[in-house]
1. Hey, what angle do you get for helix 99-111 against the long axis of the chain, alpha-carbon based, 0 to 90 degrees rounded to 10?
2. Pairs of Cα atoms under 8 Å, at least six residues apart: use those to get the relative contact order of the chain, whole percent.
3. How big is Rg to Rh over segment 70-134, alpha-carbon atoms, Rh as the Kirkwood inverse-mean-distance radius?
4. Shape verdict for segment 97-177, please, from the Cα gyration tensor: rounded (a/c under 1.5), prolate (a/b greater than b/c) or oblate.
5. Helix 83-93 versus the longest principal axis of the chain: what is the Cα-based angle in degrees, 0 to 90, to the nearest 10?
6. For the chain, find the longest principal axis of its Cα atoms and tell me its angle to the long axis of helix 53-62, 0 to 90°, nearest 10.
7. When you have a sec, figure out the Kirkwood radius of segment 40-88 from all distinct Cα pair distances and drop it here in Å to one decimal?
8. Compare the peptides 71-83, 133-145 by average per-residue count of other Cβ atoms within 10 angstrom and give them in order, highest first.
Amino acid sequence: HLDNLQPARTCPMTDKEREIAREWFLLTTKPVIYACNIKEDDLGKDEDSLPGVADVKAIAAGENAKVLVISAKIEEDIAQMDDEERDMFLEEMGIGKSGLDRLIAECYDLLGLISFLTAGPDECRAWTIVKGTKAPQAAGKIHSDIERGFIRAETINFSEMIACGSVAAAKEKGLLRSEGKDYVVKDGDMIYFRFNV
């Protein structure tokens, strides 16, 4: 397969062969995202009708890879704007999210990652974990003592909290949940860990 210049990620393998190949650390086993840079005038048009994009999508489909269509010129313009100006520009263009934001989301998805949030009086912070991580192990990302002494996780999804206006308002509406050791953390969860060591 490799002698035929095919990437290792497309090679059909049994679980045992895949386990052996993993030890070789082949670069072509890594997941891939292809970026298609289009003209700013082509933004918003049917992507498959643009020169080259359909070809790249066909190649990516054969490799189980992803494709991100962006306009580097637009991204350069967006990077130089302040937040308010950027949001207005994205809305006017009908884009929704910048290419950088979409790239980050695609990378997280491709690597099987999610984020959860913690908030306190001094800071709000995002923590990256693997999809399927349970609450105690997520707490361990912050500090091993929190994982070791885990009691429960008080959680609410960030978008629900924003809709309520504050954690206190969400708590009054009964949206703040108390979850145990078997709770699988979801993307965008805001969590306050209760622990005792």
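1. Helix 99-111 sits roughly 80 degrees off the main axis of the chain.
2. Numbers: 253 pairs, mean separation 32.7, N = 197.
Reported relative contact order: 17 percent.
3. Values: Rg = 15.0 Å, Rh = 13.9 Å.
Radius of gyration over Kirkwood radius for segment 70-134 works out to 1.08.
4. Numbers: a/c = 2.00, a/b = 1.14, b/c = 1.76.
Judged from the Cα gyration tensor, segment 97-177 comes out oblate (a/c at least 1.5, b/c at or above a/b).
5. 50 degrees
6. 70 degrees
7. Working: mean 1/r = 0.0793 Å⁻¹.
Hydrodynamic radius (Kirkwood, Cα pairs) of segment 40-88 is 12.6 Å.
8. Values: 71-83: 13.2, 133-145: 18.2.
The densest-packed peptide leads the list: 133-145, 71-83.
The values are calculated or read from the model by the stated rules, or taken from the named source; none is laboratory data. Just so you know, these numbers come straight off a predicted model, no measurement behind them. Don't worry about glycine lacking a Cβ; one is built from the backbone with ideal geometry, like all the others, and counts go over all protein chains shown. Note: areas computed on protein heavy atoms with side chains; ligands, DNA, RNA excluded. Shrake-Rupley method; radii C 1.70, N 1.55, O 1.52, S 1.80 Å.
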